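A short worksheet on the structure shown next.
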Amino acid sequence: MSAIEPPLALLAELTHRCPLRCPYCSNPVELARARDELATAEWARVFQEAAALGCLQVHLSGGEPTVRRDIVEITAAAREAGLYTNLITAGVLLEAPLLARLVEAGLDHVQLSVQDADEAGAERIGGLRGAQERKRRAAALVREMGLPLTLNAVVHRQNLHNLPQLIAIALDWGAQRLEVAHVQYYGWALANRDALLPTRAQLDEATGLVEAARQAHRGRLVIDYVVPDYHAARPKACMGGWGRRFLAVSPMGEVLPCHAAKSIAGMVFPNIRDTSLEAAWTGSDAFNAFRGTAWMAPPCRGCAHAERDWGGCRCQAFALTGDAAATDPACALSRDHGLLAAAVAEAGETRFRYREFS
Ligand code: SF4
Ligand code: FES
């Protein structure tokens with residue numbers, strides 16, 4: 001194997017607790033309890049080790065990171081380690097005094113989620129009454145305090161009809177960037193796949209709208225677009241390749257090659273309570289299992305795309321085939337590619353199974 005390059009970004013999943021209950025949450029179906037979460041000092045150590053390893057930025061995420069009473073201390077620790085700090089938040093707890101303390105602690109950027117453009121839809125999807133107005137106020141506070149704002153809109157079968165209004169909200173709330181991210185299907189989203197998968201016509205319309213909006217708002221709003229694998233012929237380079245650019249630490253300290261990796265049953269992950277971040281990144285079986293291309297079997301082995309998409313998504317391969325080493329079924333060359341069209345054909349459920357602690 002060639003030399004292992006350093007990670008660029010750390011996803012710090014501070015907690016699984018959240019006031020919202022989005023049915024596409026990327027957290028595992030078995031959520032971590034508060035009593036098991038890493039303490040402030042443990043997170044500070046993670047940040048120091050991440051920076052020493054080469055990470056440039058940390059995404060403070062969850063669940064909802066602001067439910068942690070020590071979110072200000074955690075932010076300060078990330079900044080002290082020299083990391084660019086991005087808060088990924090639902091915004092419903094982001095009141096002015098807290099945001100002011102976070103800014104003082106060195107917060108660099110806020111990424112705010114929005115579940116739908118209309119209030120009723122947003123409240124139904126997120127499962128929290130009054131959420132939209134609190135988010136709008138949070139966005140205004142972020143801009144007033146001079147922080148850059150990204151709006152993250154997860155889109156799917158039940159809110160894509162409001163995409164033009166979601167783009168309008170991003171402009172109205174003063175975001176510089178909008179992420180239009182189609183749901184990716186693992187964790188809670190897989191449990192709700194029949195209610196979330198868009199039709200091909202919905203996808204094509206959304207793609208056209210995003211392209212037109214990019215032109216119309218050039219210089220004012222950057223729009224990132226994450227397409228759904230279920231209508232693709234080639235997979236995405238998930239995480240930029242397993243163990244290449246990215247690592248996540250779960251609320252209980254597991255070091256993960258991606259935020260959904262725990263969905264791969266039977267895989268054992270190193271824990272920051274027993275090991276260093278560097279040992280986890282460079283020496284653990286979990287990170288080395290799918291790093292590079294040596295693990296690949298045909299059709300990925302020898303494929304011209306192998307070092308571009310890295311065989312696609314390991315979590316999706318496991319979710320759909322039961323084999324994390326299989327070619328991602330999003331690839332048309334996978335013998336399991338037909339599973340995706342079959343799932344699209346079966347979709348149409350309207351009720352959600354909401355995220356909750358079991
Ligand atoms: Fe990518 Fe593998 Fe498909 Fe080639 S065969 S395009 S490497 S997923
Ligand atoms: Fe885990 Fe793609 S989400 S590798």
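Bear in mind these aren't lab numbers, they're just calculated from the coordinates by the rules spelled out. Predicted model only: the values in this text are computed from it and were never measured. Cβ coordinates were reconstructed from backbone atoms using ideal geometry, including for glycine residues, and neighbour counts include every protein chain displayed.
Full-extension gain between THR293 and ARG308, please, as 0.36 nm times their residue separation minus the C-alpha to C-alpha distance. If you can, show how the numbers build up before the last one.
Values: separation 15, 0.36 × 15 = 5.40 nm, distance 1.05 nm.
Contour length minus the Cα-Cα distance gives 4.4 nm.
If you build a Gaussian network model of the chain, linking Cα atoms that sit under 10 Å apart, which residue out of ARG193, ARG124, ARG21 swings the most?
The residue with the greatest mean-square fluctuation here is ARG124.
Please compute the length gained on full extension between ALA100 and LEU171, using 0.36 nm multiplied by the number of residues separating them and subtracting their Cα-Cα distance. Please list the in-between numbers first.
On the way: separation 71, 0.36 × 71 = 25.56 nm, distance 2.34 nm.
Roughly 23.2 nm would be gained on extension.
Express in whole angstrom the spacing between the alpha-carbon centres of segment 52-130 and segment 160-174.
One Cα centre to the other: 21 Å.
Expected output is a single nm value to one decimal: the length gained when fully extending between LEU8 and GLU211, i.e. 0.36 nm times separation in residues minus the C-alpha distance. What is it?
Numbers: separation 203, 0.36 × 203 = 73.08 nm, distance 2.86 nm.
Gain in length upon complete extension: 70.2 nm.
Using a basic spin-label model with each label point 7 Å from the Cα along Cα→Cβ, how many nm lie between GLU144 and ALA342?
5.4
What is the calculated FRET efficiency for VAL268 to ALA34, with r their C-beta to C-beta distance and R₀ = 35 Å, to the nearest 0.05? Provide the component values of the computation, followed by the final result.
Working: r = 24 Å, r/R0 = 0.69.
Approximately 0.90, to the nearest 0.05.
ALA120 versus ARG351, label points 7 Å from Cα toward the beta carbon: distance in nm?
Output for this residue pair reads 2.0 nm.
By count of other Cβ within 10 Å, fewest leading, how are LEU53, LEU14 ordered? Walk me through the numbers before you get to the answer.
Numbers: LEU53 17, LEU14 25.
Placing the least packed residue first, the sequence is LEU53, LEU14.
Using the beta-carbon distance between GLU133 and ARG245 and R0 = 35 Å, what value does 1/(1 + (r/R0)^6) give for FRET efficiency, to the nearest 0.05?
Numbers: r = 37 Å, r/R0 = 1.06.
So, using R0 = 35 Å, E works out to roughly 0.40.
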